[in-house]
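Each remark here refers to the structure printed beneath this line.
The values are calculated or read from the model by the stated rules, or taken from the named source; none is laboratory data. Small disclaimer: the values here were computed from a predicted structure and weren't measured. Ideal geometry is used to build each Cβ from the backbone, glycine not excepted, and the neighbour counts take in all protein chains shown.
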Amino acid sequence: MTIKVLGISGSPHRYGNTETLLDKFLEGAKVAGSSVEKIVLKDLDYSPCRGCNACHKTGECIVQDDAIDLFDKILKSDCIAIASPIYSMGITAELKGFIDREQYLWARKFIVKTLYFKNDHIKKHKGIFISTAGLGWNNVFNGAFPIITALFNTLGFEFYDNIVANDMDRYGGIQQHPTALKEAFEKGQNVVRVLEKLNKT
Amino acid sequence: MVIKVLAFAGSPRRYGNSETLLDWVLASMSGESDVNIEKIALIEANIHMCNGCNACEKLNKCIQRDGMDTVHDKIIEADCIVLSSPIFCMGLAAQVKALVDRAQVFRSRKYVLKLPIVPPERKGKRLGIFLATAGQKWDYVFDGAIPSVKCFYHVIDIRDEDIHYLMVNGVDEKGAINNHLTARTDAEKLGREVIMELKKRLSF
């Protein structure tokens, strides 16, 4: 089977550091033989969650827009790479706006109980977080991690790895970073190999 | 002279738990003399997301013309800024994150253009309050939100030690906070204490 890899770019800024890092990851995944697709959230039409909790009764979101189609696409993927630059010590409002919309899937799992992922499914679905930050602080990604972990958990994906590079302001961009692009390419290759092996067993 | 309080109700759901918590704080503040309170519901405030264009690093203002134009000025004028948010997916609601990201203009002013945020006589006198509610009971449920909250207050010149927090977990359905044992008392106490502290700082 061909491994399906989906990259989601949460930056409002096209072709910047984070999207370049995502592209390298997808390039590696493609070279390893997977089919890859990239979605840019900025190009989609979706609104943030209204917190109406209608999905707690039905398991359906009352807002039918591009966010729902993207969640469908995610659930059909073997690997997802979620990419966001760090804005104000967290993921972008763009990406948070999309992630908050997962509530109907959370409701399907825990309230309506129509969605359940077996351990074997979770093991064969890998999530990767890709990020860059201007600041050089070691803790600059800490606000993002809990949100990304929650997203992967809800969607039935096992956290595979982070590809993160801080201190972009000092490096003057991702191209000047000594290791990040190479790391992204290699992790793209590796995750596909890992998934191929898992799907053979 | 009055103390100006600017409050943001950050939830997309009006009159829910995080806004109720906010209203308790504001009600106790309004019981004090010389306090002027303005509450803004972010869902109605027409604040778009940051484009990440970095134009504010040169222009000292945002190129977007929307509700942030007036909110920007109000943030500078306020003595106390109260931010309330529900926790969605382990973080701030996207509507709140949009406001926080748009504070980038203050960060550019402070760190790139090296200009003051508030006049010198008001520097170090402002206070912040962060209010949050979460459905989950986990004690770490606020960890994803706090770094961005600290960042928001930092760039608008409210010091880390001047941020007060009241975060209530385990309240999910609308109205659940009304049954919480201590939330209301804590909120009212916090509102009064913050006004007292501000009066001291502004030498009323």
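Values for this structure:
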item: Qualifying positions in segment A:168-197 - under 30 Å from residue A:1 (Cα atoms), touching a strand residue (DSSP E or B) at 6+ places or on another chain (Cβ under 8 Å) and not basic (Lys, Arg); result: A:180, A:183, A:184, A:188, A:191, A:192, A:194, A:195
item: Selection within segment A:61-72 - of a type in the set (D, E, K, R) and surrounded by 15 or more Cβ atoms within 10 Å (Cβ to Cβ); result: A:66
item: Residues within segment B:113-163 that are modelled with pLDDT under 95 and touching a Lys or Arg at 6+ places or on another chain (Cβ under 8 Å), tallied; result: 1
item: Members of segment A:32-67 found to be within 15 Å of the chain's Cα centre (by Cα) and not basic (Lys, Arg), listed by number; result: A:36, A:37, A:39, A:40, A:41, A:67
item: Residues of segment B:18-41 satisfying the condition of being in contact with a Ser or Thr (Cβ under 8 Å, 6 or more places away or on another chain) and part of a helix (DSSP H, G or I); result: B:18, B:19, B:21, B:22
item: Residue tally, condition modelled with pLDDT of 95 or more and surrounded by 16 or more Cβ atoms within 10 Å (Cβ to Cβ), over segment B:164-200; result: 20
item: Filtered residues of segment A:90-135 (kept if among the hydrophobic types (A, V, I, L, M, F, W, C), surrounded by 24 or more Cβ atoms within 10 Å (Cβ to Cβ) and either touching a Cys at 6+ places or on another chain (Cβ under 7 Å) or under 27 Å from residue A:171 (Cβ atoms) (or both)); result: A:91, A:93, A:95, A:99, A:128, A:129, A:130
item: Some residue of segment B:135-154 being under 21 Å from residue B:74 (Cα atoms) and among the charged types (D, E, K, R); result: yes
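Listed here are the residues, each with its yes/no results for (1) more than 12 Å from every other protein chain (Cβ to nearest Cβ); (2) within 25 Å of residue A:147 (Cα to Cα).
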{"site": "B:52", "(1), (2)": "no, yes"}
{"site": "B:55", "(1), (2)": "no, no"}
{"site": "B:59", "(1), (2)": "yes, no"}
{"site": "B:69", "(1), (2)": "yes, no"}
{"site": "B:72", "(1), (2)": "yes, no"}
{"site": "B:80", "(1), (2)": "yes, no"}
{"site": "B:83", "(1), (2)": "yes, yes"}
{"site": "B:86", "(1), (2)": "no, yes"}
{"site": "B:89", "(1), (2)": "no, yes"}
